[in-house]
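Data first, discussion second: the structure below is written as structure tokens.
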Amino acid sequence: MREGARANAGGLFSRETYSILQLHTVSYMNRGGVSVPGHGVSAAGPVSVVGPGAVGLALAGRLALRGHPVTLCGRPGSAPVRCIEQTGDGGTRTARVHWQDDPARARPAAWVLVTTKLHQGDAARAWLKRLVGGGTVVVVAQNGVEHREQAAPWAPPGQVVPALVHFNAERLVGNRVSVRGEGAGLVIGDDEPARRALPLLAGTGLGVDPVADFTTAAWRKLMVNAVANPVTALTSRRVEVFADPAVRAVAATMLTEVAEVGRAEGARLPGNATGEALAWIDARPPGAGSSMLADRLAGRPMEHDGLLGAVVRRADARGIAVPMCRTVLALVAALDAARP
């Protein structure tokens, strides 16, 4: 496997996005540095990107190419990244960024983009403690449905913009990143913080869709991620595992449980959401895998708690029984704990 794994819309299957997620009505392309009508907020100011993985490099590089002063925030002692080579859109471009690996030396930024994996929440919050000021807008471009919780307590909810990633970013050797995708690369809400962040994110040229019902968009995405990721990781098999009748029955039960929790959380999921999710999985190209499977094979920590764990936590809070999800979560957690 090449350095770093592919990452995209929740890290699932690396190449395409769940078709029923296409709720979007407006796509903002290549509009960096403009203001949202009626708000007078520009996209100027320094940007700190927490998490120099594939998605973080892609966003940092594109914003730097638009003239933003960008600082990449990485693990203490990790190899510094000061130059990002991006491949995509028919060419290769090189962007220069600043590098920082000590949160104690960080200062508040106008914009903070959090692109770490969900299990790296403590590391991200160490940066947020120093980077977030009174006017900072924090864009959390992560998996799951707990974006605001990931930023707490250092970023108040009114300063946080949850974002769903729908573009493919693959970190190649060194600091090279390949970016691919069709349609909107980022999905955000349509509240006041999201409208403030829209010009900045549009400046990436990846396309941004603000949706009125972000809750539904996030849960539709989580339905697939919370099921397909752990199932492929547990079985060490790719998408073809869902053709096994016994495995398919497990997946269908999990999807039904996730949908019930999502509806209780306010997501407007259709009655046939389970069937739609399975049909989407069936349509994946042969050999397609998942980010959690890639992490397991590489011996890296997995995002089971942020995906399936989030479902179980929300279910517990609402008194909803999710026995299959709870069982699979326990198995994946045990598998992850056995890493060398």
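The values are calculated or read from the model by the stated rules, or taken from the named source; none is laboratory data. Note that the structure is a prediction, hence the values are computed from the model and not measured. Quick reminder, even Gly has a Cβ in these numbers, built from the backbone with ideal geometry, and neighbours come from all protein chains shown.
Key figures
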item: Where Arg107 falls short, out of the listed (1) part of a loop (DSSP other than H, G, I, E, B); (2) at pLDDT below 95; (3) charged (D, E, K, R); result: (2)
item: Unique residue being closer than 28 Å to Thr215 by Cβ and within 22 Å of the chain's Cα centre (by Cα) when the list is Ala279, Ala252, Ala298, Ala267; result: Ala267
item: Selection status of Asp295, surrounded by fewer than 20 Cβ atoms within 10 Å (Cβ to Cβ), acidic (Asp, Glu) and assigned by TED's automatic domain parsing to the domain that holds Val332; result: no
item: Qualifying residue in segment 208-219 (condition: farther than 23 Å from Leu63 by Cβ, buried (at least 24 other Cβ atoms within 10 Å of the Cβ) and touching a strand residue (DSSP E or B) at 6+ places or on another chain (Cβ under 7 Å)); result: yes
item: Qualifying positions in segment 262-292 - closer than 21 Å to Ala333 by Cα and either outside the structural domain of Pro323 (by TED's automatic domain parsing) or assigned to a helix (DSSP H, G or I) (or both); result: Ser291, Met292
item: The one condition in (1) modelled with pLDDT of 95 or more; (2) out of contact with any Leu (no Cβ under 6 Å at 6 or more places or on another chain); (3) buried (at least 21 other Cβ atoms within 10 Å of the Cβ) that Ala277 fails to fulfil; result: (2)
item: Any hit, segment 240-251, residues being part of a loop (DSSP other than H, G, I, E, B), closer than 25 Å to Ala273 by Cβ, without any contact (Cβ under 8 Å) to a residue 12 or more places away in the chain and assigned by TED's automatic domain parsing to the domain that holds Ala283; result: yes
item: Cross-chain or 6+ apart pairs with Cβ under 8 Å, segment 298-309 first and at negative phi and surrounded by 24 or more Cβ atoms within 10 Å (Cβ to Cβ), then of a type in the set (D, E, K, R) and assigned to a helix (DSSP H, G or I); result: Met302/Asp295; Met302/Arg296; Met302/Asp336; Glu303/Asp295; His304/Asp336
item: Which listed residue, of Arg296, Arg300, Arg326, Arg318, is in contact with a Leu (Cβ under 8 Å, 6 or more places away or on another chain) and of a type in the set (Lys, Arg); result: Arg296
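Here is a yes/no grid of residues against (1) in the same structural domain as Arg180 (by TED's automatic domain parsing); (2) buried (at least 19 other Cβ atoms within 10 Å of the Cβ); (3) touching a residue at least 24 places away in the same chain (Cβ under 8 Å):
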site: Ala54; (1), (2), (3): yes, yes, yes
site: Leu59; (1), (2), (3): yes, yes, yes
site: Leu65; (1), (2), (3): yes, yes, yes
site: His68; (1), (2), (3): yes, yes, yes
site: Pro76; (1), (2), (3): yes, no, yes
site: Ala79; (1), (2), (3): yes, no, no
site: Thr87; (1), (2), (3): yes, no, yes
site: Thr92; (1), (2), (3): yes, no, no
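Conditions tested, residue by residue: (1) touching a Leu at 6+ places or on another chain (Cβ under 6 Å); (2) assigned to a loop (DSSP other than H, G, I, E, B).
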site: Trp154; (1), (2): yes, yes
site: Ala163; (1), (2): yes, no
site: Gly174; (1), (2): no, yes
site: Val187; (1), (2): yes, no
site: Pro199; (1), (2): no, no
site: Ala212; (1), (2): no, yes
site: Thr216; (1), (2): no, no
site: Val231; (1), (2): no, no
